[in-house]
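The values are calculated or read from the model by the stated rules, or taken from the named source; none is laboratory data. This structure is a prediction, so every number in the text was calculated from the model and none was measured. Heads up, the Cβs are rebuilt from the backbone with ideal geometry, glycines too, and the neighbour counts pull from every protein chain shown. In case anyone asks, the SASA skips ligands and DNA or RNA and just uses the protein heavy atoms, side chains included. Shrake-Rupley method; radii C 1.70, N 1.55, O 1.52, S 1.80 Å.
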Amino acid sequence: MLQCNCHIVGDPRTREALVIDPGDDAERILDVIHRHKLRVSSIIITHTHIDHVGGLRRIQEATGAPVRMHADDLELYRMLDVQATWIGWKAPERVEVGELLREGDAIRWGRYEALVLHTPGHTKGSVCLYMPDMPDDRAAAVAAKSTEHEPGRLFAGDTLFAGSIGRTDLWGGSFETIIRSLKGKVLELPDETIVYPGHGPSTTIGEERESNPFLVGNQ
Ligand SMILES: [Zn+2]
Ligand SMILES: [Zn+2]
C-alpha cells in the first residue's frame, strides 16, 4: 500500500542474496528468490518503519536468514503496534533480531560486499548500504578493456529520494540530523553512484547533488 521498494541483490555465480527491506508482498519476494534459486544469507532493514518491515516475519521464517538492523531503531521496532494503528494496518509479528549493524560494518554475501553507513535523521537508526562495486562489473570492464570506473550502488532507505529526502516529522526524526548525514556521508560518495531509494525511482549521487532542493546551494 505504501509502495516501499524491496531490493534483492543476488550473486549470479554463488546464488547468495541479500534482501533489503521486505516491507510487504512477502509472497512476491519469495517468488523472486525461488525463481532465481537464491539462498538468502541475510535480511537488512534500513530502518524500522512498518512499511519496511511488514513482510519481514514471513521472509525470515521462509529463508531462515538472520535479520540485521541498527540498535538505534530497535525502540521504533518495538513500537510496531503503535505504527500499525497510525496507518490502520494489523501489527505484524516481530522477529528475533540478529547481529546489530554498526557504522563501517562490511556485509558480505557471495562475492559481494556492502558497507553500512549510519545515516540518522529520518529515524535514529536509519542506515544506507553502499556497494563500492560488483565483481561482475569489474569483469565486464576488463573484458571491454574499459578503464572507466564502474559505478557503486547505494541502498538509501528513506534517507535520500530522487528529488527529495526522508521526512523528519515522525518519531525520532530530525531535519538537522538528516542533513548532516546526507552532507557528511552520502554526498561524500562518487557522483556516478547509483542510488536505490526506499520509495520511488532510482537516481545518482551526482543528480541529487546538482538538483535535489534539499542538498543544492549550501554545501
Ligand atoms: Zn521510513
Ligand atoms: Zn518508507
*Go through E113, E192 for me and flag whichever is modelled with pLDDT of 95 or more, closer than 21 Å to C6 by Cβ and in contact with a Pro (Cβ under 8 Å, 6 or more places away or on another chain).*
E113
*Looking at the stretch 144-164, which of the residues that are within 16 Å of ligand 1 (Cβ to nearest atom) and over 10 Å from the mean Cα position of the chain (by Cα) is least open to solvent (accessible area, probe 1.4 Å)?*
L160
*Considering each residue of the stretch 90-117, count those that are without any contact (Cβ under 8 Å) to a residue 60 or more places away in the chain and surrounded by 14 or more Cβ atoms within 10 Å (Cβ to Cβ), and give that number.*
12
*Go through the stretch 61-76 and give me each residue that's buried (at least 19 other Cβ atoms within 10 Å of the Cβ) and over 16 Å from the mean Cα position of the chain (by Cα).*
T63, A65, L76
*Would a scan of the stretch 138-156 turn up a residue that is at positive phi, small (G, A, S) and modelled with pLDDT of 95 or more?*
no
*asked:* Against the conditions (1) in contact with a Gly (Cβ under 8 Å, 6 or more places away or on another chain); (2) open to solvent by 20 Å² or more (accessible area, probe 1.4 Å), where does D31 fall short? Just the number, please.
replied: (1)
*asked:* Condition check: within 22 Å of L38 (Cα to Cα) and surrounded by 14 or more Cβ atoms within 10 Å (Cβ to Cβ). Does D137 satisfy that?
replied: yes
*Read through the list (1) on the phi < 0 side of the Ramachandran plot; (2) open to solvent by 60 Å² or more (accessible area, probe 1.4 Å), then give the number of the only condition that D25 fails.*
(1)
*Hey, D191 more than 16 Å from ligand 2 (Cβ to nearest atom), touching a strand residue (DSSP E or B) at 6+ places or on another chain (Cβ under 9 Å) and free of Cβ contacts under 8 Å to residues at least 40 places away in the same chain or not*: yes
